[in-house]
1. Mind listing whichever residues of the range 191-220 are more than 20 Å from Ala151 (Cα to Cα) and either buried (at least 20 other Cβ atoms within 10 Å of the Cβ) or of a type in the set (A, V, I, L, M, F, W, C) (or both)?
2. Which of the numbered conditions does Ala14 fail, given that it passes all the others? Conditions: (1) under 22 Å from Ala84 (Cα atoms); (2) among the hydrophobic types (A, V, I, L, M, F, W, C); (3) surrounded by fewer than 16 Cβ atoms within 10 Å (Cβ to Cβ).
3. I'm trying to understand the selection: among the residues of the range 184-215, which are over 16 Å from the mean Cα position of the chain (by Cα) and touching a residue at least 60 places away in the same chain (Cβ under 8 Å)?
4. Quick check on this structure: which one of Thr196, Thr155 is under 22 Å from Pro3 (Cα atoms) and either outside any helix (DSSP H, G or I) or not small (Gly, Ala, Ser) (or both)?
5. What's the number of the only condition in (1) out of contact with any helix residue (DSSP H, G or I) (no Cβ under 9 Å at 6 or more places or on another chain); (2) surrounded by 16 or more Cβ atoms within 10 Å (Cβ to Cβ) that Met1 fails to meet?
6. Out of the range 57-75, which residues are farther than 19 Å from Gly176 by Cβ, open to solvent by less than 10 Å² (accessible area, probe 1.4 Å) and either in a helix (DSSP H, G or I) or free of Cβ contacts under 8 Å to residues at least 24 places away in the same chain (or both)?
7. Which residue out of Arg96, Arg46, Arg41 is modelled with pLDDT under 95 and either closer than 30 Å to Ser135 by Cβ or surrounded by fewer than 18 Cβ atoms within 10 Å (Cβ to Cβ) (or both)?
Amino acid sequence: MKPTVIDPKTATRAAAFDLWMSAPNPMVTFFKTLDVTPLVRFSHKRGLKFNMLLCWCIGKAASGIKEFYTLPVGCELMQYDSIAVNTIVKNKNIARNIIEKKKTGEVGSCDVPFSADLAQFSADYLRLTHEVAESCENHDLPGSMVIGTSAIVDTETDGAVGMNSVIFNNPFIIWGKYHKGLFRTTLKLSFQFHHTQMDGAHAGRFLGRLQEHMNRINTL
């Protein structure tokens with residue numbers, strides 16, 4: 001379903017629209033250390049991908065916050081009915097480039113529609129990421145408000161800031177390799193968002209809900 005253009009003057013984000021749409025840097029970035037111990041244990045217990053589980057928790061946390069369903073696009077404010085979580089996929093060009101010493105695109109972008117049903121989200125995640133890896137073509141869901149993610153799993157990071165661009169205003173989350181401590185496993189991530197879409201309080205609520213959903217993952 002296509003998003004709807006809404007009059008910002010009638011929206012709850014009217015003041016934010018006036019303040020931030022013309023700002024030279026309207027993006028805000030939060031850094032957060034999360035306890036992913038329950039998620040890692042659940043991943044091992046059920047044989048599920050950690051990245052998939054984290055993406056599901058991100059979608060679950062965002063789906064309960066109404067600000068995630070609006071997004072400034074160009075000069076307009078758009079209203080969406082659904083949310084998707086994007087993940088970056090390594091495609092089969094990686095192996096081909098090593099063998100043939102070529103320089104073609106080695107990663108693809110994959111939008112996964114969020115479903116509150118973990119089994120459904122997992123099935124969609126596995127199917128769509130496999131299709132992107134094999135076809136070397138992106139899978140986009142322009143009818144959904146997409147939360148971008150980037151997992152840099154080869155190294156632990158203290159934080160990362162994405163691009164500031166009027167072309168791409170979607171919320172974006174970046175994380176690296178999780179850290180295994182003596183009693184718990186932690187993950188540092190960054191959450192970037194457009195100030196027109198939400199305020200710091202909304203972002204803080206989202207990160208709090210993200211931790212809560214990870215803590216309750218074993219109840220599924």
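1. His194, His195, Thr196, Gln197, Met198, Ala201, Ile217, Leu220
2. That leaves (1) as the condition not met.
3. Of all residues in the range 184-215, those over 16 Å from the mean Cα position of the chain (by Cα) come to 184-186, 195-196, 199-201, 212, 215.
Passing the criteria: Arg184, Thr185, Thr186, His195, Thr196, Asp199, Gly200, Glu212, Asn215.
4. Selected residue: Thr196, the only one of Thr196, Thr155 that is under 22 Å from Pro3 (Cα atoms) and either outside any helix (DSSP H, G or I) or not small (Gly, Ala, Ser) (or both).
5. Met1 satisfies every listed condition except (2).
6. We begin by selecting, within the range 57-75, every residue farther than 19 Å from Gly176 by Cβ; these are 59-75.
From the residues that got through so far, the ones that are open to solvent by less than 10 Å² (accessible area, probe 1.4 Å) too are 59, 61-62, 65, 68, 71-72.
Gly59, Ala61, Ala62, Phe68, listed by residue number.
7. Details: Arg46 fails: modelled with pLDDT under 95; Arg41 fails: modelled with pLDDT under 95.
Only one candidate passes the filter, namely Arg96.
The values are calculated or read from the model by the stated rules, or taken from the named source; none is laboratory data. As the structure is a prediction and not an experimental result, all values here were calculated from the model. Ideal geometry is used to build each Cβ from the backbone, glycine not excepted, and the neighbour counts take in all protein chains shown. Ligands, DNA and RNA are stripped out before the accessible areas are found, and what is left, the full protein with its side chains, is counted by its heavy atoms. Shrake-Rupley method; radii C 1.70, N 1.55, O 1.52, S 1.80 Å.
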